[in-house]
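Derivation of every value follows stated rules applied to the coordinates shown; laboratory data play no part. It should be emphasised that the depicted structure is a prediction, and the values quoted were computed from it without experimental measurement. As a convention, Cβ positions derive from the backbone with ideal geometry for all residues, glycine included, and neighbour counts pool all protein chains shown.
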Amino acid sequence: MIHFVGAGPGAVDLITVRGQKLLETADQIIYAGSLVNPQLLACAKEGCRILDSAGMTLEAVVAAMEEGEGQGWMTVRLHTGDPSVYGAIREQMDILAQKGIAYDVVPGVSSFCAAAASLQAEYTLPGISQSVIITRMEGRTPVPDKQKIADYAAHQATMVIFLSASLLDGLQAELLRGGYAADTPAAIVYKASWPEEQTYTCTVGTLAETARRHAISKTALIVVGKVLGPAYDRSLLYHPAFTHGCRQAAPEDQQYGDHIGQETEP
Ligand code: SAH
C-alpha cells in the first residue's frame, strides 16, 4: 500500500497525527527533498528505506514504489504542504491504478495556510474578498489561457501565488496590468513555519524591490489583496442582529458598528 502524505509546511509538528503515525511505521519513505523538512524523517523506524525524490524521475519513483510492493512494504510518499497543491500526485496515482497498486492520500497543512498564520491574516474578509485564488506565474511550466496572473488580478480577490519567488518583476507587472492598484497591500512569506521564516509586508508596487532587498528568490509565497489592509466588515455569523440555525438575534441589535478599520487615513 502506498500512502501519499502531506508533510505540512515545514515545522515538524505541523504534520497531521495520521501522517506522523504512517511515517513511524513505514518500511519505505520517498520524500520530496527540495521542500520537506528532513527532521520529519527522524521518526522513521530502523531499517526504513528513505529516498529523496528530488533527483528522481516519475518512473524512478514508481519503480521504487513497485519494488516496495514486491517486498510487502508499506510506502509513504511524503509531499510538502498538502499533496493536492502542486504536488504532482495525479500522475503517480494514475500509474499506480494502472498497475493495480492500492494507495490513499493523507492531507497536510498547505504552506498557504501557514503563510496566513505567519501574517496573522484572514484570507476571506466580509466586504473585501470572499475568494482565495491559488495560482502561479508562468515559468517553464505553461499556464493555460485565461488563467494568467492578470486575468485573476482583475477579480481583486485574495491571491496566493506559489512557485514565483524568482519571477517577481514579471509578477508585479502582471498584477498591475490586471488591475491591482500599486498601493494594494501585499506580502512575501519565506519558509512559513520553519525556524528561518521571514515575512515582509509591502505593496504590489514594491513586491520585486522588497524581495531583492531581502534576497528572497525561492521557497516563498506571495500574498496579495486588501485583506492585508485595515478595513473589512464584521461577520454576520457573530453579529447580534443576525439569526441563524444555532442562535436567535439578541434584542439589543446593532451593538457594534458593521465596518471595521478605515480604507484610507483620515
Ligand atoms: N504542496 C505544497 C506546494 C508545493 S509547490 C503546499 O501545499 O504548500 C512549492 C512552492 O510552495 C514553493 O515554491 C513555494 O512557493 C511554496 N512553499 C512551500 N512551502 C513553503 C513555505 N513553508 N513557506 C512559503 N512557501 C512555501
Could you sort out which of Lys148/Lys226; Lys21/Lys218; Lys21/Lys191 sit more than 27 Å apart by Cα distance in this structure?
Lys21/Lys218
Assuming R0 = 51 Å, what is the FRET efficiency of Ala241 and Glu67, from their Cβ-Cβ distance, to the nearest 0.05?
0.20
Residue exposure sequence - Lys21, Lys45 - by fewest surrounding Cβ within 10 Å:
Lys45, Lys21
Measuring from centroid to centroid over Cα atoms, what is the spacing of region 2-22 and region 167-228 in Å?
28
Over region 145-266, equivalent-ellipsoid semi-axes from the Cα gyration tensor in Å
34, 17, 15
Chymotrypsin sites (Phe, Trp or Tyr not before Pro), restricted to region 91-190: which are DSSP loop and have at most 14 other Cβ atoms within 10 Å?
none
Suppose we take every Cα in the chain and form the convex hull; what volume per residue is that in Å³?
169
Debye-sum result for region 1-121 in log10 I(q)/I(0), which assumes one identical scatterer on each alpha carbon, at q = 0.12, 0.17, 0.23 Å⁻¹:
-0.39, -0.77, -1.39
Using eta = 0.692 mPa s and T = 37 °C, Stokes-Einstein with Kirkwood Rh from Cα pairs puts D for region 193-241, in µm² s⁻¹, at 242
Total formal charge among the other residues, if their Cβ is under 12 angstrom from that of Gly10, Lys/Arg +1 and Asp/Glu -1:
-2
Between Gln248 and Ile134, Cβ-based FRET efficiency (R0 41 Å, step 0.05) works out to 0.65
Per DSSP, the loop-located trypsin sites (Lys or Arg not before Pro) within region 68-141 having at most 11 other beta carbons within 10 Å are Lys99, Arg140
Over what distance in Å are the Cα centres of region 77-105 and region 113-152 separated?
24
Out of all DSSP beta bridges with both ends in the chain, state the antiparallel percent to the nearest 5.
45
If you take the beta carbon distance between Glu196 and Asp151 as r and set R0 to 41 Å, what does 1/(1 + (r/R0)^6) give as a FRET efficiency, to the nearest 0.05?
0.75
GNM flexibility winner over the chain from Ser235, Ser131, Ser34 (Cα, springs under 10 Å):
Ser235
Loop-located GluC sites (Glu not before Pro) in region 1-74, at most 16 other Cβ atoms within 10 Å (DSSP):
Glu46
The helix 58-71 Cα axis meets the longest alpha-carbon principal axis of the chain at an angle in degrees, between 0 and 90 and rounded to 10, of 50
